[in-house]
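Every number here is computed from the coordinates shown, using simple stated rules; none is lab data. Worth saying up front: this structure is predicted, and the values here are computed from it rather than measured. Every residue, glycine among them, receives a Cβ derived from its backbone with ideal geometry; neighbour counts consider all protein chains shown.
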Amino acid sequence: MGFIVKNTTKCGPLDLLCPYHCRGCGELGEVLCECCKNYITSEKINHCLKCKKVINEKCQNCTLPFSATFVVGYRDELIGALAEEYKFFGVRKLGKILTEILDDYLPDFSGDVVIVPLPTIQKHVRERGIDHTYQIAKRLAKMRGWKTEKLLLRNKNTVQLGADMDKRRRQAKEAFLFHGEINENKTYVLFDDIWTTGASMTEAGRIFKKMGAKKIVAVVFATNRQGKRPEIRR
């Protein structure tokens, strides 16, 4: 199934004059039609974020600081295009749709759950007009009855766009500050949009583990395929 991605301006009350097109099939009327949304969530195949092998919740071969990892799909698929359009172009209608996709994809986690969005640097929030990870985390928490907590703060406003893997890892080690308290009986869901090298999410997981979290879940929309170099988006 091919897909179409169209950069759409926000029309507000003028939607009737500049209607949306489905990013999957191009059908007029919706940002994503029900058929294409069902296509994304119909096959819930989870892959390890590191080695890309099909897994249940936790890869037995890779060492990551998570109790479980969940990725909806690949970056070169429709889900990756949707996540990047919401992130870079601020098409706000996609926020609700992406949250619904996550809600349908993720299993039910038992006990008290706290979702923690990886923080976006303020420069990008100002440029894009939206804190994309926080908005989706807040929506998903409301749908699931979870709590949203900003337990990670940006220590440095380093930009990873265009950086190679080694530089991303060095930046990630200094990127975050922990702010708050950990309850070892709670499940902490760390959420980010795209797993490129995994440096930021992995470092966030290590911080939570160091602070005493017992169950840490990593959730992303999309990752690169095995053997494919991380894409540079401008």
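Please go through the residue pairs LYS58/LYS147; LYS123/LYS214; LYS44/LYS150; LYS93/LYS214; LYS93/LYS209; LYS50/LYS96 and name each one whose alpha carbons sit more than 31 Å apart in this structure.
LYS123/LYS214; LYS93/LYS214; LYS93/LYS209
Evaluate the charge dipole of region 32-147 about its Cα centre and quote only its size in Debye, nearest 20, assuming +1 on the Cβ of each Lys and Arg and -1 on the Cβ of each Asp and Glu.
380 debye
Which net charge results when you count Lys and Arg as +1 and Asp and Glu as -1 among the other residues whose beta-carbon is under 9 Å from that of GLU184?
Net charge around GLU184: +3.
Taking 0.36 nm per residue of separation and subtracting the Cα-Cα distance, what length does fully extending THR63 through ASN183 add?
Extra length available between THR63 and ASN183 comes to 40.9 nm.
What are the ³J(HN,Hα) values, in whole Hz, obtained from phi via the Karplus relation 6.51 cos²θ - 1.76 cosθ + 1.60 with θ = phi - 60°, for each residue of region 119-132 in sequence order, with x given for Gly and Pro?
For region 119-132, the Karplus-derived couplings read x, 8, 5, 4, 4, 6, 4, 5, 5, 8, x, 7, 9, 5 Hz, x marking Gly and Pro.
Points 7 angstrom from Cα along the Cβ direction at ASN56 and SER110: gap in nanometres?
Spacing of the two 7 Å Cα→Cβ label points: 1.4 nm.
If amide hydrogens are placed 1.01 Å from N in the peptide plane, which non-local residues have theirs closer than 5 Å to the one on HIS47?
The answer is ILE55, VAL71.
Run through all the Cα pairs of region 44-223 and give the fraction in each 10 Å bin from 0, expressed as whole percent.
9, 40, 41, 10, 0
I want to check the label-to-label distance for ARG126 and MET143. Put each point 7 Å from Cα in the C-beta direction and report it in nm to one decimal.
The answer from the label model is 3.2 nm.
Put a dot 7 Å past each Cα toward the Cβ at LEU28 and LYS96; how far apart are the dots in nm?
2.2 nm
Ordered by residue, what ³J(HN,Hα) values in Hz, to whole numbers, does region 24-29 give under the Karplus form 6.51 cos²θ - 1.76 cosθ + 1.60, where θ = phi - 60° and Gly and Pro are x?
Couplings: x, 10, x, 5, 6, x Hz.
Can you give the net charge of the other residues whose Cβ lies under 11 Å from the Cβ of CYS59, counting K and R as +1 and D and E as -1?
Result for the local shell: +3.
Please list, ordered by chain and number, the residues whose modelled amide H lies under 5 Å from the amide H of LEU152; skip anything fewer than 5 residues away on the same chain.
Residues meeting the criterion, in which the H sits 1.01 Å from N, are HIS179.
By average Cβ neighbour count within 10 Å, what is the ranking of 23-31, 131-139, 189-197 from highest down?
Packing order, densest peptide first, comes out as 189-197, 131-139, 23-31.
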